[in-house]
Structures are given as C-alpha cells and as structure tokens.
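Before any comments, here is the structure.
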Amino acid sequence: MLLAINSFNQYCFANLAHRSENYQCPACKKPVVLRQGQQNVAHFAHQVQTGCHAFTEGETIDHLLGKMALYQHFAKDYQVVVEPVLRQISQRPDLLVKRSQGKDLAIEYQCSPIGKKRLQERNQGLHSLGLEVMWVLGPDYYHRRLSGELTCRFLDDGRLFFYVPKQKRFETRFNFSKTDFHKLQYESRTGFGAAFLSAVKGKRPEKQFTLPSEINQIRLVGPTSDLAQHLLYQRTKLTLLMVQGRINLDLINYLYEQGHRLDQIPDWCLLGQAFGLAVPNWHFRLVLVLLLERVGLSHWISEKSLSARLRQYFYPSFQDQEKILQATYADLASSGVICLQDSKILVIKLLQFVAD
Ligand SMILES: [Zn+2]
C-alpha cells in the first residue's frame, strides 16, 4: 500500500515516510512497516500477515507505480483519495476521484488476472455505495492479445484504458471491430486525453465508437482490400471449418432441413464486423436471415421480438447491444431487405443463398 497512518493520525505517503516513525494500516489499524530500497517502490506492508481483508498484500511494483502515476495524473485536477477504506463493503479501490457534481469515481488499476465473478462482485460492491467504477489495465493486459470476452469485461463506454509503468504510457483503445477469421481490430490513442477526462467527469465520450452500417463502407482487414476477394476468403474459411467438423451439427442440420447449405449462405452474412458478439458475425447474421425467412415475404415482425431473439448472441456484459442491433437493421434496410416502420419490421426481400 502507498498510504499509512502516522503517530499523529495523519495519512502519509510511503515515499515521504521515515523508517524511524511508526505507521499503521488505515483499514485494520495494525502496525505496518516501510519498505524501500533500490529495487522497491516505497510502500507499506503489514508487520504480521494478520488477514487484513481490506488490503491485499504482495502488490507488485507495477501496481504500486501505476497507482502512484494515476494518482499524480488526477490529483492535478481533482481531489483524489488514495486507497480509500470502504468499510461497508470491505473493499479498498486504488483511487477515489471526488467529483464536484454527480457520483464519485472509483479507479481500479488492474495488473493481475481477475475472474468474471470476482470482477462482478467488486463492481457491485462499489455501485452499491453509489460510486462509478473505472478499470485501468496494467502491462500484462497491455502486452497480451485480449480476447473479445476479456475486452468486453473491462469495456467502458466502448473504450479500454491502459497504463504501462515502465514506459510511463497511458493508452486508450476504442472503435473495436471483429471480422470473422481475423483478429480483433481497434484504434488506439496515446494518453488518456479528452475521452478519459470526460469519463472521469462523468460525461459521455465525445466520439462514439463507429459501427459498420453499410456494406460498401466495410473496413476490410487482412491480406485483401477487394470486396469480392474478401468474400471469397471468408467463404473458403467457413467451408474449411465445416469440413473440419468444427461447426455445430444442429445448425448444419437445421439449414439442410430448410433446403440450404452452410457454405452457400448469403454474402451479407460474411460481411459482419460487429464486436460484442459471443458467436461469429456470420452466425449472428445467419440467424437473422433465417428468422426473417421464417417471418416470410411481405409479413411484419415487431422489432422488439426480433431483438429479443438476437440478444442471446451477445456477451451479456456488452453495453452496446442495442446499437449493434440498430446498425444491423439499418444495414438491411439500406440493402432493401427490410423496411422499418413504427418499431415494426416488414420483410420486403429475402436474401438469396448463393448457387453452386
Ligand atoms: Zn490492514
């Protein structure tokens, strides 16, 4: 920990502390010792491992350095409490940023892996006190290729925040997109900049992340830059998966019963780039095509019931399901497949499966 209480009952930063003084843990009030040296970042540690629940021992140097850097970053503009003791929930976030208006912001600088359940508990605890939470990820996360699921866990208004102490590097990643058979794409910006500060201020980001709304605006990734080639590549990859037996048999059988083949799905199914889906884009789009086929030409379906069927294909924690759904409907409407009217959807054209 970076802060302890001295014999005058004042908070004291480890880098300003003296070995000759006595310090105690702000949470359990038991004695702590100052650790400093060439290799160490100055910090306090419990004299005896007493099972102080409010504080995790064995913080890494990265964690201490990151917490300190974040503190210095925000303390310029805000009143920031380091390692606040939140007794009601036995939690101690790394920082608490006091806002003049609205909810205060707890900042967690996460360096080690954290399970889905534990993350949820930490978030719930902080929310129960009326706090907002922001996660800033450390070097291990920064240097790894993060999965879609992991990215979703920490996503904050469509952005991920990182701090790498060794490089003194703040980074924001945003505009995530995922093309099937390609790695996750995103844009990044050095520094936390305006987006981060606006999040700290409790405002929506100035720029919403973009969504693929039109087929001809598709962001082509990988070796090809040509749409026809891209389609061929995607279809070949999909066929390969099928041949390798790596696609759910129920889906293949269902298609077969409908007189379709998976390797012949409409081109539109192969053009998705939505991020936030727990299944591939082609799968999500194919389900939508089949649902519309079941509704039938010149028939209506309410947007609400269609969306309800599609929501299960997203990661549950993904905040922008509605935006993706709307962008997908808009895409279908601009291709003349559906017509949207008063929250109802009319099927005006069925997307064709390709011929042999
Ligand atoms: Zn303690």
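Of all residue pairs spaced 6 or more apart or on separate chains, those with beta-carbon atoms under 7 Å, a first member in the range 293-308 that is over 12 Å from Tyr329 (Cβ atoms) and a second member that is open to solvent by 90 Å² or more (accessible area, probe 1.4 Å) are Trp300/Lys344; Ser302/Lys344. Counting residues in the range 195-209 that are at pLDDT below 90, outside the structural domain of Leu270 (by TED's automatic domain parsing), of a type in the set (Val, Ile, Thr) and open to solvent by 30 Å² or more (accessible area, probe 1.4 Å) gives zero. In the set (1) surrounded by 15 or more Cβ atoms within 10 Å (Cβ to Cβ); (2) away from the ligand (no atom under 15 Å from the Cβ), the condition left unmet by Glu59 is number (2). Screening Ala17 with (1) open to solvent by less than 80 Å² (accessible area, probe 1.4 Å); (2) more than 36 Å from the chain's Cα centre (by Cα); (3) near the ligand (Cβ under 10 Å from one of its atoms) gives one miss only, at (3).
Run Arg87 past the list (1) within 16 Å of the ligand (Cβ to nearest atom); (2) closer than 19 Å to Ser112 by Cβ and report the number of the one that doesn't hold. Arg87 satisfies every listed condition except (2). Residues in the range 319-356 that are surrounded by 14 or more Cβ atoms within 10 Å (Cβ to Cβ) and assigned to a helix (DSSP H, G or I): Gln321, Lys323, Ile324, Leu325, Gln326, Ala327, Thr328, Tyr329, Ala330, Asp331, Leu332, Ala333.
Screening the range 39-57 for residues that are of a type in the set (Gly, Ala, Ser) and in a loop (DSSP other than H, G, I, E, B) and picking the one that is modelled with the highest pLDDT gives Ala42.
Quick check: anything in the range 266-277 farther than 29 Å from Tyr186 by Cβ and of a type in the set (A, V, I, L, M)? Within the range 266-277 (the criterion being farther than 29 Å from Tyr186 by Cβ and of a type in the set (A, V, I, L, M)), the answer is no, since none of the residues qualifies.
Those helices (runs of 4 or more DSSP H) of the range 228-318 in which at least 1 residues are under 31 Å from the mean Cα position of the chain (by Cα) and more than 20 Å from Gln352 (Cβ to Cβ), considering only elements entirely within it, cover 249-257, 303-310. Phe8 falls short on exactly one of the conditions (1) more than 15 Å from Leu65 (Cβ to Cβ); (2) assigned to a loop (DSSP other than H, G, I, E, B); (3) away from the ligand (no atom under 14 Å from the Cβ); (4) open to solvent by less than 40 Å² (accessible area, probe 1.4 Å), and that condition is (4). Checked against the criterion of being open to solvent by less than 60 Å² (accessible area, probe 1.4 Å), over 19 Å from Ser128 (Cα atoms) and modelled with pLDDT of 90 or more, the range 97-109 has at least one qualifying residue. Assessment of the range 64-82 against the conditions (polar (S, T, N, Q), away from the ligand (no atom under 16 Å from the Cβ), open to solvent by 40 Å² or more (accessible area, probe 1.4 Å) and outside the structural domain of Glu132 (by TED's automatic domain parsing)) yields no matching residue. The set of residues from the range 25-50 being within 37 Å of the chain's Cα centre (by Cα) and within 9 Å of the ligand (Cβ to nearest atom) comprises Cys25, Pro26, Ala27, Cys28, Lys29, Val32, His46, Thr50.
The values are calculated or read from the model by the stated rules, or taken from the named source; none is laboratory data. As the structure is a prediction and not an experimental result, all values here were calculated from the model. Please note: Cβ atoms are built from the backbone with ideal geometry, for glycine as well, and neighbour counts cover all protein chains shown. Each accessible area value is taken on the protein alone, full model and side chains, heavy atoms only, with ligands, DNA and RNA left out. Shrake-Rupley method; radii C 1.70, N 1.55, O 1.52, S 1.80 Å.
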